[in-house]
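We did not get these values from a lab; they are worked out from the coordinates using the rules stated. Note that the structure is a prediction, hence the values are computed from the model and not measured. All Cβ positions, even for glycine, are placed from backbone atoms using ideal geometry, and neighbour counts span all protein chains on display.
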Amino acid sequence: MERHDFVENVAAKEPRPLGRSIKRGILNTCPACGSARLFRAFLKPVDICPACGEELFHERSDDLPPYLVIVVVGHVLMTAYMLTDAMMPDALWVHLVVWVSLAILTSLLTIQPIKGGVIGLQWALRMHGFGDTPDPIEENRKPGK
């Protein structure tokens, strides 16, 4: 199949709005239907959506969610630290306790929604087996193998 034919086939299928898919992933719901839970464990998505039957086992978000968490949390906390330190200089141990605790807490609170958003992004863009063409690694990741 030529690339031109592939693009026409994908365009002919049902639309997958990017913003809606990412929002559903961030809200911990299936990017396809938006009604069932996306994760069965803290960072492990369900294999198949129980509501609509969408296969999610082949998602490959890999390292993007942790990188996004580092960027978001790092920028927000570093800005807050610098503003706080300029206004109220405290002992180093106080800053260490406060900012390390906040970094761990905000990282744990944001990693799952960010991973869900990345899964929604992949689904909307038909990446890694979410489209009509099979992903080369997909056969090795099917449940039961």
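As a length-normalised measure over Cα pairs under 8 Å and 6 or more apart, the relative contact order of the range 15-135 settles at 41 percent.
Shown is the FRET efficiency for Ser101 and Cys33, computed with R0 = 35 Å from the Cβ-Cβ distance and rounded to the nearest 0.05: 0.40.
Within the range 15-135, the proportion of Cα pairs with more than 21 Å between them is 45 percent. For Ile48, the residues whose modelled amide H falls within less than 5 Å of its own, excluding neighbours fewer than 5 places apart on the same chain, are Leu56.
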